[in-house]
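Readers should treat all values here as calculations from the given coordinates under stated rules, not as data from a laboratory. Quick caveat: nothing in here was measured; it's all calculated off a predicted structure. So basically every Cβ, Gly included, is an ideal-geometry build from the backbone, and we count neighbours across all protein chains shown.
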């Protein structure tokens, strides 16, 4: 497994945070699954992990809804 922490740190240095009103689902277990498709702690995809920092409130709420529904929608 590969840790997600370095990816997130690099992204935050180069991108301005858009929304601070929706908390991240991160539980401090930051590592990708074996295929490096999603985080085994919060289940966000690699792209969602990266984009969370620049997502709008609405985008974050939609991502959380998908997490709750198991990406069935």
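Expected output is a single nm value to one decimal: the length gained when fully extending between residue 27 and residue 56, i.e. 0.36 nm times separation in residues minus the C-alpha distance. What is it? Kindly include the intermediate steps, with their values, before the conclusion.
Working: separation 29, 0.36 × 29 = 10.44 nm, distance 2.07 nm.
Stretched fully, the residue 27-residue 56 segment lengthens by 8.4 nm.
Remark: spin-label model distance residue 35-residue 5 equals 2.7 nm, labels positioned 7 Å along the Cα→Cβ axis. The shape of segment 5-69 can be summarised by an equivalent ellipsoid whose semi-axes, obtained from the alpha carbon gyration tensor, come to 18, 16, 9 Å from longest to shortest. With contacts taken as Cα pairs under 8 Å at a separation of at least 6 residues, the chain carries a relative contact order of 33 percent.
The label-point distance for residue 69 and residue 17, in a model that sets each label 7 Å from Cα toward Cβ, rounds to 2.8 nm.
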